[in-house]
Every structure is written in C-alpha cells, then in structure tokens.
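K.L.:
Let me begin by handing over the structure; questions about it come next.
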Amino acid sequence: MARSKERNYDPAKVMQELLDTVVSIYGASQPDPSLSIIADELGLNPIKVRKLLITAGVYESEIADKVNEYYKKGKSVEEIMLLTGLSRASVHSYLPHSKMVHKANEISMTAQRIRKYRKREKVGKVLCENMTVENLWNALITFEDYPFYTAKGLKFTYCIKSGELFVSRKEKSITKATVELAFEKAIELEGKVSGPKKLGVFGAGYLYHLIFNQSLYVSKSNQ
C-alpha cells in the first residue's frame, strides 16, 4: 500500500501566515472585534488569539497595556504578578510570543486551519457576489461543523446528510426544499430580513444565521 505524502511546511512561514490571518480578521471585525469569533474562524481558543494579537502589536486593553508596560520596563513575571494580582498563567497570556515556531504536528495543524479558513472565505465571497442556490450549497457544505450562534447566543453546528441539514441543537432535520425556500425568501426581500420569523419556514432560527452570517462576514472582510 502506498503511503500518503507528508507535507513539509516552513514553520516560520506558517506561523507568520497565522499571525497575519488573525490580524486581518481582527481588523475586519472593527469597531467591535470579538476574540471568540476569531477563535471560531481558526479553531483556536480566545486566549491564544489574544496572545497572537498582542504579539502583532494590535491588541489593546487596560490590563494588557499595563502588563506589557511593566514587562518593557524590565519587571519579572513574578513582579508583574504582585503589581497586577494576576496569576502566572494570566501574565504570560498577556505577553507577546518570544518565538512563533512550534512542533511539527502543531505547524501542520495550523496550516490546515488556515487552509480551511481560506476555503470558507472564498465560498462565502462567491455566494455574496452571486446568490445562487448552487453557491449556497457549496457554502453550506464548506461550513459544515463550523460554530454558529443563535439570537440567544447558543452555539450550534450542522452537518449535511442526503441533502438535509441536521442541526446539533435540533432533533428533526431541515429538508433541502426548506433551506432553498428560506434562501429564495431572503433574496426576494433583498436581504432586508430583520429576523428569523421573516423567513417563514421550519428551522428559520438556524437558517437565518447560516444564510446571513456568511454574507455578513464576507462583506465585513471586504471593507
């Protein structure tokens, strides 16, 4: 049996691309950037995202600025802990990376995350520029397992089986016809849909966020 080829990534290049990508998403999310949203985009945790943004010199907060001010003045981590009341782990989380190169398996995983993000970004952009049913399904397939949020802030994901949507927070599936009906309704209203009820279909509370979250994200990223 032929063995699959392992890709050799340039660690420094991959980590720089991760840094650039995080900064790009953060900038596109202004004026109210969310660390959680950026974390969802790249499959990271919010603390990791914050540390990357601090490393890039674009993240600002009272505590982050204070920790880094002390650090630049030559204060040790222990001294910063005493001055701020933060734990050792918290102090480190507010300091920039001293180096960006990690283990080979981490580099590979990071590269895959970036590649997946780029693919989602591409299909989302295509959907926004040409709102067809075919492009919608291409986007929905690409966004499988991506974390979305309901109006109440509840996280959910979905998968597609035999053309039907199965939402993690709902037992009954949403049929392909229902998905397309909601999409056609959104187009008919020229995207001016104030909430899920306007779609008037089963599962609208989820479909509303699937259809409009993708479009909203891409429009922001192109500003």
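K.L.:
Within segment 167-178, is there a residue that is in a helix (DSSP H, G or I) and either modelled with pLDDT under 95 or surrounded by 15 or more Cβ atoms within 10 Å (Cβ to Cβ) (or both)? Break it down stepwise before answering.
P.N.:
Restricting attention to segment 167-178, the residues satisfying the condition of being in a helix (DSSP H, G or I) are 176-178.
Next, only the ones that are either modelled with pLDDT under 95 or surrounded by 15 or more Cβ atoms within 10 Å (Cβ to Cβ) (or both) stay: 176, 178.
Yes.
K.L.:
Follow-up. Just name the residue that is surrounded by the most Cβ atoms within 10 Å (Cβ to Cβ) out of those in segment 124-156 that are touching a strand residue (DSSP E or B) at 6+ places or on another chain (Cβ under 8 Å) and in a helix (DSSP H, G or I).
P.N.:
L140
Conditions (1) within 20 Å of I160 (Cβ to Cβ); (2) in the same structural domain as L19 (by TED's automatic domain parsing), marked per residue:
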{"position": "I80", "(1), (2)": "no, yes"}
{"position": "S90", "(1), (2)": "no, yes"}
{"position": "Q112", "(1), (2)": "no, no"}
{"position": "K122", "(1), (2)": "yes, no"}
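K.L.:
If you don't mind, there's one more thing I want to ask. Check whether at least one residue in segment 42-56 is under 20 Å from the mean Cα position of the chain (by Cα) and of a type in the set (G, A, S), and report yes or no.
P.N.:
Yes, because at least one residue in segment 42-56 is under 20 Å from the mean Cα position of the chain (by Cα) and of a type in the set (G, A, S).
K.L.:
Residues of segment 199-217 being at pLDDT below 90 and surrounded by fewer than 17 Cβ atoms within 10 Å (Cβ to Cβ), which ones?
P.N.:
Within segment 199-217, F212, N213, L216 meet the criteria.
K.L.:
Something else: Can you tell me which residue is surrounded by the most Cβ atoms within 10 Å (Cβ to Cβ) among those in segment 183-198 that are over 19 Å from K152 (Cβ atoms) and among the small types (G, A, S)?
P.N.:
For segment 183-198, the residue satisfying everything is A186.
K.L.:
Residue check: is S108 of a type in the set (S, T, Y) and touching a Lys or Arg at 6+ places or on another chain (Cβ under 9 Å)?
P.N.:
Judged against the criteria, S108 is a match.
K.L.:
Residues in segment 7-62 that are without any contact (Cβ under 8 Å) to a residue 60 or more places away in the chain and on the phi > 0 side of the Ramachandran plot: how many?
P.N.:
Qualifying residue count, segment 7-62: 1.
K.L.:
Restricting attention to segment 91-109, report how many residues are closer than 30 Å to M81 by Cβ and in contact (Cβ under 8 Å) with a residue 60 or more places away in the chain.
P.N.:
Final tally of qualifying residues: 3.
The values are calculated or read from the model by the stated rules, or taken from the named source; none is laboratory data. Quantities reported herein were computed from a predicted structural model and do not represent experimental measurements. Glycine also receives a Cβ, built like all others from the backbone with ideal geometry; neighbour counts cover every protein chain displayed.
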